[in-house]
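Please read the structure below before turning to the comments.
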Amino acid sequence: MDFSIERYHGNSLVLPVALTDSNGAPISLVDAMIKFRIGNITEASEGYSIARSDSAGTFTITITASRMATLQDPVYYFGCEVTYASGIRQTLFVGKLTLKDNVVL
């Protein structure tokens, strides 16, 4: 899947993901490795987390507002891949993030 996101610079980024098979049943993430990268932000970065519900086949990627504020360019490309316990590696999605200037309220 390829998609684009627009976000105000310095706002949190929250990406919920649910994996299901062709019958709508959850795809197990037990013992799977999930990787996500945007700019220089990876799973090793402070302010980055993945909350998982492995048996339900769901996870949520969260990057805090303070970490997002470290992104200085207006456009970044991102991607997410899963390596399942079976060893199969699958790119779930890729895309483009466009950062917009904040509106002062």
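The values are calculated or read from the model by the stated rules, or taken from the named source; none is laboratory data. Since we're looking at a predicted model, the values are computed, not measured. Note that each Cβ is placed from the backbone with ideal geometry, even for glycine, and that neighbours are counted across all protein chains shown.
Which one of these is of a type outside the set (Phe, Trp, Tyr) and in a loop (DSSP other than H, G, I, E, B): Ser49, Ser45?
Numbers: Ser49 fails: in a loop (DSSP other than H, G, I, E, B).
That would be Ser45, the only listed residue that is of a type outside the set (Phe, Trp, Tyr) and in a loop (DSSP other than H, G, I, E, B).
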Open item on the list: Can you say whether Arg52 is modelled with pLDDT of 90 or more, within 17 Å of Leu99 (Cβ to Cβ), of a type in the set (D, E, K, R) and touching a Phe, Trp or Tyr at 6+ places or on another chain (Cβ under 9 Å), as far as the supplied structure shows?
Closed with: no
- [ ] State all residues of the stretch 57-105 that are of a type in the set (Asp, Glu) and either assigned to a loop (DSSP other than H, G, I, E, B) or within 11 Å of Ile38 (Cα to Cα) (or both); if no residue qualifies, say none.
- [x] Asp73, Asp101
Task: For Thr64: the one exception among (1) polar (S, T, N, Q); (2) exposed (fewer than 15 other Cβ atoms within 10 Å of the Cβ); (3) under 16 Å from His9 (Cα atoms) - done: (2)
TODO: Take the stretch 67-95 and flag every residue that is surrounded by 15 or more Cβ atoms within 10 Å (Cβ to Cβ), over 19 Å from Ser28 (Cα atoms) and of a type in the set (D, E, K, R).
DONE: Arg67
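Could you please let me know if Glu6 is exposed (fewer than 15 other Cβ atoms within 10 Å of the Cβ), among the acidic types (Asp, Glu), touching a residue at least 24 places away in the same chain (Cβ under 8 Å) and in a strand (DSSP E or B)? Before you say what the answer is, go through the steps one by one.
Numbers: exposed (fewer than 15 other Cβ atoms within 10 Å of the Cβ): yes; among the acidic types (Asp, Glu): yes; touching a residue at least 24 places away in the same chain (Cβ under 8 Å): yes; in a strand (DSSP E or B): yes.
Considered against the rule, which asks whether it is exposed (fewer than 15 other Cβ atoms within 10 Å of the Cβ), among the acidic types (Asp, Glu), touching a residue at least 24 places away in the same chain (Cβ under 8 Å) and in a strand (DSSP E or B), Glu6 comes out as yes.
Could you count how many residues in the stretch 13-22 are over 11 Å from the mean Cα position of the chain (by Cα), closer than 20 Å to Lys35 by Cβ and exposed (fewer than 14 other Cβ atoms within 10 Å of the Cβ)? Let's see the steps before the verdict.
Just the residues of the stretch 13-22 that are over 11 Å from the mean Cα position of the chain (by Cα), to begin with: 18-22.
Of the ones still in play, those that are also closer than 20 Å to Lys35 by Cβ are 18-19.
Filter again for exposed (fewer than 14 other Cβ atoms within 10 Å of the Cβ), leaving 18.
Within the stretch 13-22, residues that are over 11 Å from the mean Cα position of the chain (by Cα), closer than 20 Å to Lys35 by Cβ and exposed (fewer than 14 other Cβ atoms within 10 Å of the Cβ) number 1.
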TODO: Go through (1) more than 26 Å from Leu99 (Cα to Cα); (2) in contact with an Asp or Glu (Cβ under 7 Å, 6 or more places away or on another chain) and name the single condition Thr20 misses.
DONE: (2)
